[in-house]
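The values are calculated or read from the model by the stated rules, or taken from the named source; none is laboratory data. Keep in mind it's a predicted model, so treat the numbers as computed, not measured. Ideal geometry is used to build each Cβ from the backbone, glycine not excepted, and the neighbour counts take in all protein chains shown. Only protein heavy atoms, including side chains, enter the accessible area calculation; ligands, DNA and RNA are left aside. Shrake-Rupley method; radii C 1.70, N 1.55, O 1.52, S 1.80 Å.
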Amino acid sequence: MPNNDNKLPDKKSLNKKVFFPVFSIVILAVIVGMTNNELLVEITRKIFYISLSDFGWLYQLIAVSALVITCVFFFSRAGRIRLGGEHAKPRFSMPATFAMALTGGIATGVVTYAVNEPVIYLGNIYGELSQQSFAAGSNDAAVFAMARSFHNWSFIPYAIYSIVGLMIGYMHYNRGMRFSISATVAPVLGRHGDAPWVRGLIDVISVLAITLGLASSMGAGLALIGSGIQAQYGIASNPVTWLVLTLVITSIFVISAVSGLKRGIRWLSSINAYVFYAFLAILIVVGPLTYILSLSTTSFGYWLNHLLSWSFDTKESGGEALVTWWTMYDWAIWVAYAPLMGLFLARISYGRTLREFLIINWVLPSAFGIVWFAIWGGSALKWQLDGTLDLISVVQEHGAVSGLWGFLQNIPLSGLLVPMAIFTLILSFATAADSMSATIATICTRNITADEESPRSQKVIWGLSISAIAYLMVAFGGGAQGVDGIKYLAAAGGFTVVFLFALILISAAKVLHGHIKGVPEADAEPDGRVATQGARNE
(Lines give C-alpha, C1' and ligand atoms only; values in the text may rest on other atoms or scores of the structure.)
Protein backbone atom coordinates (compact mmCIF):
# COMPACT_ATOMS: atom_id res chain seq x y z
CA MET A 1 0.00 0.00 0.00
CA PRO A 2 1.23 3.49 -0.62
CA ASN A 3 2.26 5.52 2.33
CA ASN A 4 0.27 8.51 3.53
CA ASP A 5 2.48 11.51 2.84
CA ASN A 6 0.98 13.48 5.72
CA LYS A 7 2.40 11.02 8.20
CA LEU A 8 5.91 11.39 6.87
CA PRO A 9 8.34 14.04 8.12
CA ASP A 10 9.45 16.54 5.52
CA LYS A 11 13.08 16.65 6.58
CA LYS A 12 15.44 14.50 4.54
CA SER A 13 17.91 12.50 6.61
CA LEU A 14 20.50 9.77 6.29
CA ASN A 15 19.07 6.27 6.00
CA LYS A 16 21.48 4.65 8.44
CA LYS A 17 20.03 1.16 7.98
CA VAL A 18 21.20 1.22 4.36
CA PHE A 19 24.26 3.47 4.45
CA PHE A 20 26.29 1.87 7.26
CA PRO A 21 25.91 -1.83 6.30
CA VAL A 22 26.89 -1.13 2.68
CA PHE A 23 29.72 1.21 3.59
CA SER A 24 31.12 -1.29 6.10
CA ILE A 25 31.08 -4.17 3.61
CA VAL A 26 32.75 -2.06 0.94
CA ILE A 27 35.53 -0.94 3.28
CA LEU A 28 36.04 -4.52 4.48
CA ALA A 29 36.38 -5.73 0.89
CA VAL A 30 38.98 -3.04 0.20
CA ILE A 31 40.99 -3.98 3.31
CA VAL A 32 40.99 -7.64 2.33
CA GLY A 33 41.92 -6.73 -1.24
CA MET A 34 44.86 -4.62 -0.03
CA THR A 35 46.18 -7.07 2.55
CA ASN A 36 45.50 -10.38 0.83
CA ASN A 37 44.16 -9.79 -2.66
CA GLU A 38 44.78 -13.42 -3.67
CA LEU A 39 42.37 -14.57 -0.96
CA LEU A 40 39.75 -12.07 -2.15
CA VAL A 41 40.15 -13.23 -5.73
CA GLU A 42 39.95 -16.91 -4.81
CA ILE A 43 36.87 -16.63 -2.58
CA THR A 44 34.89 -14.39 -4.89
CA ARG A 45 35.87 -16.36 -8.01
CA LYS A 46 34.50 -19.52 -6.41
CA ILE A 47 31.26 -17.80 -5.40
CA PHE A 48 30.84 -16.34 -8.83
CA TYR A 49 31.64 -19.57 -10.64
CA ILE A 50 29.18 -21.53 -8.50
CA SER A 51 26.47 -18.97 -9.19
CA LEU A 52 26.95 -19.20 -12.96
CA SER A 53 27.57 -22.94 -13.05
CA ASP A 54 24.72 -24.08 -10.80
CA PHE A 55 22.27 -21.27 -11.55
CA GLY A 56 23.04 -20.58 -15.18
CA TRP A 57 19.56 -21.79 -16.04
CA LEU A 58 18.11 -19.08 -13.78
CA TYR A 59 20.12 -16.29 -15.42
CA GLN A 60 18.97 -17.40 -18.86
CA LEU A 61 15.34 -17.76 -17.83
CA ILE A 62 15.12 -14.33 -16.21
CA ALA A 63 16.90 -12.71 -19.18
CA VAL A 64 14.42 -14.26 -21.60
CA SER A 65 11.51 -13.42 -19.29
CA ALA A 66 12.63 -9.78 -19.11
CA LEU A 67 12.69 -9.65 -22.91
CA VAL A 68 9.24 -11.25 -23.29
CA ILE A 69 7.56 -9.09 -20.63
CA THR A 70 9.15 -5.94 -22.07
CA CYS A 71 7.89 -6.84 -25.54
CA VAL A 72 4.35 -7.42 -24.28
CA PHE A 73 4.34 -4.09 -22.42
CA PHE A 74 5.56 -2.37 -25.57
CA PHE A 75 3.01 -3.86 -27.99
CA SER A 76 -0.01 -4.17 -25.70
CA ARG A 77 -2.46 -1.46 -24.66
CA ALA A 78 -0.55 -1.21 -21.38
CA GLY A 79 1.96 0.80 -23.38
CA ARG A 80 -0.48 3.71 -23.41
CA ILE A 81 -0.22 4.20 -19.63
CA ARG A 82 1.45 7.52 -18.85
CA LEU A 83 3.84 7.74 -15.91
CA GLY A 84 2.30 10.29 -13.57
CA GLY A 85 -1.19 10.16 -15.01
CA GLU A 86 -2.97 11.37 -18.12
CA HIS A 87 -1.93 15.03 -17.79
CA ALA A 88 1.71 14.51 -16.73
CA LYS A 89 4.30 16.29 -18.89
CA PRO A 90 7.90 15.11 -19.48
CA ARG A 91 10.61 17.16 -17.78
CA PHE A 92 13.22 16.51 -20.46
CA SER A 93 13.17 16.35 -24.25
CA MET A 94 13.40 12.93 -25.88
CA PRO A 95 17.01 13.49 -27.13
CA ALA A 96 18.12 14.62 -23.66
CA THR A 97 16.38 11.69 -21.98
CA PHE A 98 17.90 9.23 -24.45
CA ALA A 99 21.38 10.70 -23.92
CA MET A 100 21.06 10.29 -20.14
CA ALA A 101 19.67 6.76 -20.46
CA LEU A 102 22.32 5.68 -22.97
CA THR A 103 25.44 7.10 -21.34
CA GLY A 104 24.28 6.46 -17.78
CA GLY A 105 23.98 2.75 -18.46
CA ILE A 106 26.69 1.56 -20.83
CA ALA A 107 29.63 3.32 -19.13
CA THR A 108 32.76 2.19 -21.00
CA GLY A 109 31.48 -1.23 -22.03
CA VAL A 110 30.78 -0.52 -25.68
CA VAL A 111 34.06 1.34 -26.14
CA THR A 112 36.08 -1.41 -24.49
CA TYR A 113 34.45 -4.46 -26.05
CA ALA A 114 33.23 -3.36 -29.49
CA VAL A 115 36.64 -4.31 -30.88
CA ASN A 116 37.89 -6.82 -28.33
CA GLU A 117 34.86 -9.13 -28.06
CA PRO A 118 34.37 -9.88 -31.79
CA VAL A 119 38.12 -10.33 -32.26
CA ILE A 120 38.33 -12.73 -29.32
CA TYR A 121 35.49 -14.80 -30.78
CA LEU A 122 37.04 -14.75 -34.25
CA GLY A 123 40.39 -15.99 -32.97
CA ASN A 124 38.94 -18.53 -30.52
CA ILE A 125 41.42 -17.01 -28.07
CA TYR A 126 39.92 -18.48 -24.91
CA GLY A 127 38.11 -21.43 -26.51
CA GLU A 128 34.89 -19.63 -27.46
CA LEU A 129 34.54 -21.61 -30.72
CA SER A 130 35.43 -25.02 -29.30
CA GLN A 131 31.84 -26.26 -29.72
CA GLN A 132 31.33 -24.76 -33.18
CA SER A 133 31.70 -26.53 -36.53
CA PHE A 134 33.68 -23.80 -38.29
CA ALA A 135 37.32 -22.85 -37.93
CA ALA A 136 38.69 -19.84 -36.10
CA GLY A 137 39.66 -16.99 -38.41
CA SER A 138 37.14 -17.97 -41.09
CA ASN A 139 34.36 -15.90 -42.62
CA ASP A 140 31.85 -18.06 -40.76
CA ALA A 141 33.64 -17.23 -37.53
CA ALA A 142 33.37 -13.51 -38.34
CA VAL A 143 29.60 -13.78 -38.87
CA PHE A 144 29.28 -15.70 -35.61
CA ALA A 145 31.44 -13.18 -33.75
CA MET A 146 29.31 -10.25 -34.82
CA ALA A 147 26.02 -12.08 -34.20
CA ARG A 148 27.09 -13.10 -30.72
CA SER A 149 28.06 -9.52 -29.94
CA PHE A 150 24.61 -8.37 -31.06
CA HIS A 151 23.10 -10.94 -28.70
CA ASN A 152 25.11 -9.75 -25.70
CA TRP A 153 24.74 -6.00 -26.26
CA SER A 154 21.24 -5.24 -27.50
CA PHE A 155 17.62 -6.11 -26.75
CA ILE A 156 18.03 -8.66 -23.94
CA PRO A 157 20.35 -6.67 -21.64
CA TYR A 158 18.47 -3.42 -22.17
CA ALA A 159 15.23 -5.23 -21.35
CA ILE A 160 16.83 -6.12 -18.00
CA TYR A 161 17.39 -2.42 -17.29
CA SER A 162 14.09 -1.24 -18.72
CA ILE A 163 11.68 -3.55 -16.92
CA VAL A 164 13.00 -2.45 -13.52
CA GLY A 165 12.81 1.23 -14.43
CA LEU A 166 9.32 0.75 -15.81
CA MET A 167 8.11 -0.93 -12.63
CA ILE A 168 9.68 1.66 -10.33
CA GLY A 169 8.18 4.50 -12.35
CA TYR A 170 4.74 2.91 -12.57
CA MET A 171 4.53 1.92 -8.91
CA HIS A 172 5.69 5.37 -7.76
CA TYR A 173 4.06 7.79 -10.19
CA ASN A 174 0.84 5.86 -10.83
CA ARG A 175 0.33 3.81 -7.69
CA GLY A 176 1.64 6.27 -5.10
CA MET A 177 4.26 3.87 -3.69
CA ARG A 178 7.59 4.99 -2.26
CA PHE A 179 10.29 5.90 -4.74
CA SER A 180 12.29 2.78 -3.97
CA ILE A 181 13.29 -0.57 -5.37
CA SER A 182 11.12 -2.35 -2.80
CA ALA A 183 8.03 -0.79 -4.40
CA THR A 184 8.57 -2.96 -7.49
CA VAL A 185 7.77 -6.17 -5.59
CA ALA A 186 4.63 -4.83 -3.88
CA PRO A 187 2.27 -6.63 -6.32
CA VAL A 188 3.81 -9.94 -5.17
CA LEU A 189 4.62 -9.32 -1.49
CA GLY A 190 1.70 -7.04 -0.69
CA ARG A 191 1.84 -5.60 2.81
CA HIS A 192 4.82 -7.83 3.68
CA GLY A 193 6.93 -5.84 1.22
CA ASP A 194 6.24 -2.69 3.23
CA ALA A 195 7.96 -4.07 6.33
CA PRO A 196 11.00 -1.93 7.24
CA TRP A 197 13.37 -4.92 7.32
CA VAL A 198 12.25 -6.04 3.85
CA ARG A 199 12.73 -2.55 2.36
CA GLY A 200 16.08 -2.21 4.10
CA LEU A 201 17.32 -5.60 2.89
CA ILE A 202 16.33 -4.87 -0.71
CA ASP A 203 18.02 -1.47 -0.63
CA VAL A 204 21.21 -2.82 0.97
CA ILE A 205 21.53 -5.60 -1.61
CA SER A 206 20.96 -3.21 -4.50
CA VAL A 207 23.31 -0.48 -3.28
CA LEU A 208 26.07 -2.97 -2.45
CA ALA A 209 25.93 -4.55 -5.89
CA ILE A 210 26.10 -1.25 -7.76
CA THR A 211 28.73 0.32 -5.47
CA LEU A 212 31.15 -2.57 -5.89
CA GLY A 213 30.29 -2.79 -9.57
CA LEU A 214 31.08 0.87 -10.14
CA ALA A 215 34.29 0.67 -8.15
CA SER A 216 35.46 -2.38 -10.06
CA SER A 217 34.52 -0.88 -13.43
CA MET A 218 36.29 2.35 -12.61
CA GLY A 219 39.33 0.46 -11.34
CA ALA A 220 39.57 -1.60 -14.51
CA GLY A 221 38.97 1.58 -16.50
CA LEU A 222 41.84 3.37 -14.81
CA ALA A 223 44.14 0.56 -15.87
CA LEU A 224 42.71 0.61 -19.41
CA ILE A 225 43.03 4.38 -19.81
CA GLY A 226 46.52 4.24 -18.32
CA SER A 227 47.54 1.59 -20.83
CA GLY A 228 46.19 3.74 -23.66
CA ILE A 229 48.18 6.76 -22.49
CA GLN A 230 51.28 4.61 -22.24
CA ALA A 231 50.77 3.10 -25.69
CA GLN A 232 50.17 6.45 -27.38
CA TYR A 233 52.33 8.86 -25.40
CA GLY A 234 54.88 6.67 -23.62
CA ILE A 235 53.77 7.78 -20.12
CA ALA A 236 54.17 4.78 -17.84
CA SER A 237 51.14 3.40 -16.01
CA ASN A 238 51.84 3.65 -12.29
CA PRO A 239 50.14 4.81 -9.06
CA VAL A 240 50.85 8.46 -9.89
CA THR A 241 49.23 8.19 -13.33
CA TRP A 242 46.22 6.39 -11.89
CA LEU A 243 45.91 8.99 -9.12
CA VAL A 244 45.82 11.84 -11.63
CA LEU A 245 43.19 10.02 -13.69
CA THR A 246 41.15 9.30 -10.55
CA LEU A 247 41.20 12.95 -9.54
CA VAL A 248 40.15 14.07 -13.02
CA ILE A 249 37.25 11.60 -13.29
CA THR A 250 36.14 12.20 -9.71
CA SER A 251 36.19 15.96 -10.10
CA ILE A 252 34.04 15.77 -13.24
CA PHE A 253 31.33 13.53 -11.86
CA VAL A 254 31.21 14.98 -8.34
CA ILE A 255 30.82 18.52 -9.69
CA SER A 256 28.17 17.27 -12.10
CA ALA A 257 26.36 15.25 -9.42
CA VAL A 258 26.10 18.13 -6.96
CA SER A 259 24.82 20.35 -9.78
CA GLY A 260 21.69 18.22 -9.92
CA LEU A 261 19.85 16.16 -12.48
CA LYS A 262 18.58 19.04 -14.60
CA ARG A 263 21.98 20.64 -15.07
CA GLY A 264 24.86 18.31 -14.20
CA ILE A 265 23.89 14.86 -15.46
CA ARG A 266 21.95 16.20 -18.46
CA TRP A 267 24.91 18.36 -19.52
CA LEU A 268 27.51 15.63 -19.02
CA SER A 269 25.47 12.92 -20.74
CA SER A 270 24.75 15.17 -23.73
CA ILE A 271 28.47 15.79 -24.29
CA ASN A 272 29.18 12.08 -23.91
CA ALA A 273 26.46 11.14 -26.40
CA TYR A 274 27.76 13.61 -29.00
CA VAL A 275 31.25 12.11 -28.65
CA PHE A 276 29.76 8.67 -29.30
CA TYR A 277 27.99 9.98 -32.40
CA ALA A 278 31.23 11.61 -33.62
CA PHE A 279 33.10 8.33 -33.22
CA LEU A 280 30.51 6.52 -35.31
CA ALA A 281 30.69 9.16 -38.02
CA ILE A 282 34.50 9.05 -38.20
CA LEU A 283 34.64 5.26 -38.37
CA ILE A 284 31.99 5.22 -41.08
CA VAL A 285 34.30 7.45 -43.14
CA VAL A 286 37.59 5.63 -42.49
CA GLY A 287 36.19 2.13 -42.08
CA PRO A 288 35.29 -0.55 -44.66
CA LEU A 289 31.66 0.59 -44.99
CA THR A 290 30.61 -1.93 -47.65
CA TYR A 291 31.92 -4.83 -45.58
CA ILE A 292 30.34 -3.41 -42.41
CA LEU A 293 26.91 -3.28 -44.05
CA SER A 294 27.29 -6.75 -45.56
CA LEU A 295 28.60 -8.44 -42.42
CA SER A 296 26.14 -6.77 -40.05
CA THR A 297 23.15 -7.69 -42.24
CA THR A 298 24.23 -11.32 -42.46
CA SER A 299 25.08 -11.45 -38.77
CA PHE A 300 21.75 -9.92 -37.77
CA GLY A 301 19.94 -12.69 -39.63
CA TYR A 302 22.26 -15.30 -38.12
CA TRP A 303 21.49 -13.94 -34.65
CA LEU A 304 17.72 -14.01 -35.22
CA ASN A 305 18.01 -17.57 -36.51
CA HIS A 306 19.82 -18.66 -33.34
CA LEU A 307 18.07 -16.39 -30.85
CA LEU A 308 16.03 -19.10 -29.13
CA SER A 309 18.84 -21.63 -28.80
CA TRP A 310 21.32 -19.02 -27.56
CA SER A 311 18.80 -17.58 -25.10
CA PHE A 312 18.24 -20.92 -23.40
CA ASP A 313 21.77 -22.35 -23.64
CA THR A 314 23.28 -22.85 -20.18
CA LYS A 315 26.68 -23.89 -21.67
CA GLU A 316 25.67 -27.43 -22.67
CA SER A 317 25.58 -26.40 -26.32
CA GLY A 318 27.91 -23.42 -26.70
CA GLY A 319 30.47 -24.39 -24.08
CA GLU A 320 31.70 -22.76 -20.90
CA ALA A 321 34.21 -20.38 -22.50
CA LEU A 322 31.51 -18.80 -24.65
CA VAL A 323 28.33 -19.01 -22.57
CA THR A 324 29.49 -18.89 -18.95
CA TRP A 325 32.36 -16.42 -19.19
CA TRP A 326 30.78 -14.09 -21.74
CA THR A 327 26.98 -14.21 -21.94
CA MET A 328 26.27 -15.39 -18.38
CA TYR A 329 28.83 -12.98 -16.96
CA ASP A 330 27.23 -10.16 -18.94
CA TRP A 331 23.76 -11.05 -17.65
CA ALA A 332 25.06 -11.14 -14.07
CA ILE A 333 26.53 -7.64 -14.36
CA TRP A 334 23.43 -6.20 -16.07
CA VAL A 335 21.19 -7.74 -13.38
CA ALA A 336 23.45 -6.38 -10.64
CA TYR A 337 23.19 -2.86 -12.09
CA ALA A 338 19.46 -3.09 -12.91
CA PRO A 339 17.88 -1.98 -9.60
CA LEU A 340 19.76 1.31 -9.33
CA MET A 341 19.75 1.90 -13.07
CA GLY A 342 15.99 1.41 -12.89
CA LEU A 343 15.71 4.15 -10.27
CA PHE A 344 17.68 6.52 -12.49
CA LEU A 345 15.60 5.72 -15.58
CA ALA A 346 12.39 6.24 -13.60
CA ARG A 347 13.59 9.65 -12.36
CA ILE A 348 14.13 10.96 -15.88
CA SER A 349 10.97 9.47 -17.42
CA TYR A 350 8.10 11.19 -15.62
CA GLY A 351 5.37 12.14 -18.10
CA ARG A 352 6.27 9.46 -20.65
CA THR A 353 3.91 6.69 -21.68
CA LEU A 354 5.24 3.19 -21.02
CA ARG A 355 5.71 2.76 -24.76
CA GLU A 356 7.70 5.99 -24.98
CA PHE A 357 9.69 4.87 -21.94
CA LEU A 358 10.60 1.64 -23.72
CA ILE A 359 11.45 3.40 -26.98
CA ILE A 360 13.92 5.63 -25.12
CA ASN A 361 15.36 3.05 -22.73
CA TRP A 362 15.04 -0.23 -24.64
CA VAL A 363 14.59 0.16 -28.40
CA LEU A 364 16.96 3.05 -29.10
CA PRO A 365 19.85 1.90 -26.85
CA SER A 366 19.57 -1.62 -28.34
CA ALA A 367 19.69 -0.19 -31.85
CA PHE A 368 22.66 1.96 -30.85
CA GLY A 369 24.47 -1.11 -29.50
CA ILE A 370 23.93 -3.01 -32.76
CA VAL A 371 25.11 -0.08 -34.89
CA TRP A 372 28.11 0.57 -32.64
CA PHE A 373 29.29 -3.06 -32.69
CA ALA A 374 28.60 -3.33 -36.42
CA ILE A 375 30.85 -0.37 -37.21
CA TRP A 376 33.61 -0.91 -34.65
CA GLY A 377 33.58 -4.70 -34.63
CA GLY A 378 33.01 -4.94 -38.38
CA SER A 379 36.05 -2.76 -39.09
CA ALA A 380 38.22 -4.78 -36.71
CA LEU A 381 37.08 -8.12 -38.17
CA LYS A 382 37.65 -6.97 -41.76
CA TRP A 383 41.17 -5.70 -41.11
CA GLN A 384 41.99 -8.84 -39.12
CA LEU A 385 40.78 -11.12 -41.91
CA ASP A 386 42.61 -9.31 -44.73
CA GLY A 387 45.86 -9.00 -42.76
CA THR A 388 45.82 -5.23 -42.31
CA LEU A 389 45.98 -5.72 -38.51
CA ASP A 390 46.81 -8.63 -36.25
CA LEU A 391 44.60 -7.87 -33.29
CA ILE A 392 44.40 -11.53 -32.28
CA SER A 393 48.12 -11.52 -31.50
CA VAL A 394 47.77 -8.22 -29.64
CA VAL A 395 45.10 -9.70 -27.38
CA GLN A 396 47.01 -12.93 -26.88
CA GLU A 397 50.14 -11.04 -25.84
CA HIS A 398 48.67 -8.14 -23.83
CA GLY A 399 45.27 -9.24 -22.54
CA ALA A 400 41.57 -9.20 -23.35
CA VAL A 401 41.09 -5.42 -23.57
CA SER A 402 44.32 -4.52 -25.37
CA GLY A 403 42.85 -4.91 -28.84
CA LEU A 404 41.22 -1.48 -28.58
CA TRP A 405 44.53 0.41 -28.65
CA GLY A 406 46.04 -1.88 -31.28
CA PHE A 407 43.00 -1.15 -33.44
CA LEU A 408 43.00 2.62 -33.00
CA GLN A 409 46.76 3.07 -33.41
CA ASN A 410 46.81 1.37 -36.81
CA ILE A 411 43.95 3.01 -38.64
CA PRO A 412 43.65 6.38 -40.42
CA LEU A 413 43.33 9.39 -38.11
CA SER A 414 44.86 7.45 -35.20
CA GLY A 415 46.34 10.67 -33.85
CA LEU A 416 42.79 11.95 -33.41
CA LEU A 417 41.00 8.71 -32.51
CA VAL A 418 43.27 7.55 -29.66
CA PRO A 419 42.94 10.76 -27.60
CA MET A 420 39.23 10.78 -28.47
CA ALA A 421 38.92 7.25 -27.09
CA ILE A 422 40.78 8.22 -23.91
CA PHE A 423 38.52 11.25 -23.52
CA THR A 424 35.44 9.10 -24.19
CA LEU A 425 36.46 6.54 -21.57
CA ILE A 426 37.03 9.26 -18.97
CA LEU A 427 33.73 10.93 -19.84
CA SER A 428 31.85 7.61 -19.88
CA PHE A 429 33.08 6.67 -16.41
CA ALA A 430 32.23 10.12 -15.15
CA THR A 431 28.71 9.99 -16.62
CA ALA A 432 27.93 6.53 -15.22
CA ALA A 433 29.40 7.37 -11.82
CA ASP A 434 27.47 10.65 -11.84
CA SER A 435 24.08 9.00 -12.39
CA MET A 436 24.75 6.09 -10.05
CA SER A 437 26.27 8.07 -7.15
CA ALA A 438 23.24 10.37 -7.25
CA THR A 439 20.94 7.34 -7.25
CA ILE A 440 22.81 5.66 -4.40
CA ALA A 441 22.52 8.89 -2.43
CA THR A 442 18.76 8.86 -3.08
CA ILE A 443 18.38 5.35 -1.65
CA CYS A 444 20.47 6.29 1.38
CA THR A 445 18.23 9.30 2.10
CA ARG A 446 14.97 9.07 4.00
CA ASN A 447 11.84 11.01 3.03
CA ILE A 448 12.78 11.86 -0.55
CA THR A 449 10.67 11.84 -3.70
CA ALA A 450 11.63 11.15 -7.31
CA ASP A 451 11.58 14.82 -8.24
CA GLU A 452 13.83 15.88 -5.34
CA GLU A 453 17.62 16.00 -5.36
CA SER A 454 19.43 13.95 -2.73
CA PRO A 455 21.71 15.86 -0.32
CA ARG A 456 24.96 17.07 -1.88
CA SER A 457 26.95 15.70 1.03
CA GLN A 458 25.69 12.20 0.25
CA LYS A 459 26.63 12.52 -3.41
CA VAL A 460 30.13 13.69 -2.50
CA ILE A 461 30.59 10.90 0.07
CA TRP A 462 29.62 8.17 -2.38
CA GLY A 463 31.54 9.75 -5.25
CA LEU A 464 34.73 9.97 -3.21
CA SER A 465 34.22 6.49 -1.73
CA ILE A 466 33.79 4.84 -5.11
CA SER A 467 36.82 6.65 -6.49
CA ALA A 468 38.96 5.80 -3.46
CA ILE A 469 38.07 2.11 -3.70
CA ALA A 470 38.88 2.06 -7.40
CA TYR A 471 42.23 3.77 -6.95
CA LEU A 472 43.30 1.63 -4.00
CA MET A 473 42.47 -1.58 -5.82
CA VAL A 474 44.45 -0.55 -8.90
CA ALA A 475 47.42 1.00 -7.14
CA PHE A 476 47.81 -1.16 -4.04
CA GLY A 477 45.51 -4.13 -4.38
CA GLY A 478 47.71 -6.27 -6.55
CA GLY A 479 47.21 -4.42 -9.84
CA ALA A 480 44.91 -6.17 -12.27
CA GLN A 481 44.44 -9.10 -9.89
CA GLY A 482 43.11 -6.82 -7.16
CA VAL A 483 40.66 -5.27 -9.62
CA ASP A 484 39.58 -8.74 -10.68
CA GLY A 485 38.90 -9.55 -7.03
CA ILE A 486 36.55 -6.64 -6.50
CA LYS A 487 35.01 -7.32 -9.92
CA TYR A 488 34.21 -10.89 -8.96
CA LEU A 489 32.84 -9.63 -5.65
CA ALA A 490 30.50 -7.27 -7.50
CA ALA A 491 29.30 -10.11 -9.71
CA ALA A 492 28.86 -12.34 -6.67
CA GLY A 493 26.71 -9.59 -5.20
CA GLY A 494 24.74 -9.72 -8.41
CA PHE A 495 23.93 -13.34 -7.61
CA THR A 496 21.92 -12.10 -4.64
CA VAL A 497 20.20 -9.48 -6.77
CA VAL A 498 19.09 -12.15 -9.26
CA PHE A 499 16.45 -13.42 -6.82
CA LEU A 500 15.16 -9.89 -6.25
CA PHE A 501 15.10 -9.42 -10.01
CA ALA A 502 13.01 -12.59 -10.38
CA LEU A 503 10.45 -11.12 -7.95
CA ILE A 504 10.38 -7.87 -9.95
CA LEU A 505 9.63 -9.85 -13.11
CA ILE A 506 6.78 -11.69 -11.41
CA SER A 507 5.39 -8.35 -10.21
CA ALA A 508 5.66 -6.91 -13.72
CA ALA A 509 3.86 -9.91 -15.18
CA LYS A 510 1.09 -9.52 -12.60
CA VAL A 511 0.64 -5.82 -13.38
CA LEU A 512 0.71 -6.54 -17.11
CA HIS A 513 -1.84 -9.34 -16.80
CA GLY A 514 -4.26 -7.00 -15.07
CA HIS A 515 -4.08 -4.42 -17.84
CA ILE A 516 -4.35 -6.98 -20.63
CA LYS A 517 -7.52 -8.38 -19.02
CA GLY A 518 -8.99 -4.89 -19.02
CA VAL A 519 -8.66 -4.01 -15.34
CA PRO A 520 -8.78 -0.19 -15.17
CA GLU A 521 -5.43 1.52 -14.75
CA ALA A 522 -4.69 1.67 -11.04
CA ASP A 523 -3.98 5.38 -10.74
CA ALA A 524 -6.13 5.33 -7.62
CA GLU A 525 -5.51 3.02 -4.72
CA PRO A 526 -8.17 0.69 -3.29
CA ASP A 527 -8.88 3.10 -0.44
CA GLY A 528 -9.74 5.82 -2.94
CA ARG A 529 -6.65 8.02 -2.52
CA VAL A 530 -5.25 9.23 -5.80
CA ALA A 531 -1.57 8.50 -6.33
CA THR A 532 0.66 11.55 -6.45
CA GLN A 533 4.17 12.30 -7.57
CA GLY A 534 5.01 13.23 -4.02
CA ALA A 535 4.96 9.79 -2.45
CA ARG A 536 8.09 9.66 -0.38
CA ASN A 537 10.93 7.21 0.05
CA GLU A 538 11.26 6.54 3.75
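In debye to the nearest 20, how big a dipole does the chain give about its Cα centre with +1 on each Lys and Arg Cβ and -1 on each Asp and Glu Cβ? Provide the component values of the computation, followed by the final result.
Details: 33 positive and 29 negative charges, 364 e Å.
For the chain, the charge dipole is close to 1740 debye.
What list of ³J(HN,Hα) values in whole Hz, one per residue of the stretch 161-177 in order, does the Karplus curve 6.51 cos²θ - 1.76 cosθ + 1.60 (θ = phi - 60°) give from phi, with Gly and Pro shown as x?
Taking θ as phi minus 60°, the curve returns 5, 5, 5, 5, x, 4, 5, 5, x, 5, 5, 7, 6, 9, 10, x, 7 Hz for the stretch 161-177.
Taking a probe of 1.4 Å, how large is the accessible area per residue of the stretch 312-415, in Å²? Please report the intermediate quantities before stating the final value.
Values: 2970 Å² over 104 residues.
With all protein chains present, the stretch 312-415 gives 29 Å² per residue.
Kindly flag which residue pairs out of LYS459/LYS510; LYS16/LYS459; LYS17/LYS89 have an alpha-carbon separation exceeding 26 Å in this structure. Please report the intermediate quantities before stating the final value.
Working: LYS459/LYS510 35 Å; LYS16/LYS459 15 Å; LYS17/LYS89 35 Å.
Among LYS459/LYS510; LYS16/LYS459; LYS17/LYS89, the Cα-Cα distance tops 26 Å for LYS459/LYS510; LYS17/LYS89.
Projected onto the charge dipole of the stretch 13-517 (+1 at Lys/Arg Cβ, -1 at Asp/Glu Cβ, origin at the Cα centre), which of VAL72, ALA430, LEU464 gives the Cα projection farthest towards the positive end?
Checking the options against the dipole of the stretch 13-517, the answer is VAL72.
Let me check I've understood the local charge: for TRP57, count other residues with C-beta under 11 angstrom from its C-beta, Lys and Arg +1, Asp and Glu -1. What total comes out?
Once all neighbours under 11 Å are counted, the net charge is -2.
Which ³J(HN,Hα) values in Hz, rounded to whole numbers, follow from the phi angles of the stretch 44-49 under the Karplus curve 6.51 cos²θ - 1.76 cosθ + 1.60, where θ = phi - 60° and Gly and Pro get x?
5, 5, 5, 4, 5, 5
At 7 Å along the Cα-to-beta-carbon direction for both PHE423 and ALA88, put a label point, then send me their distance in nm to one decimal.
3.7
Can you tell me the Rg and Dmax of the stretch 85-200, counting just the alpha carbons, in angstroms?
20.8, 58
Is it possible to state the helix-based mean residue ellipticity at 222 nm for the chain, with each DSSP H run of 4+ residues giving -39500 (n - 2.57), the sum divided by total residues, to the nearest 500 deg cm²/dmol? What is it?
Values: 20 runs with 370 residues, N = 538.
One gets -23500 deg cm²/dmol as the mean residue ellipticity at 222 nm.
Find the centroid of the Cα atoms in the stretch 149-198 and in the stretch 297-332, then give the distance between the two in whole Å.
Going from one Cα centre to the other spans 26 Å.
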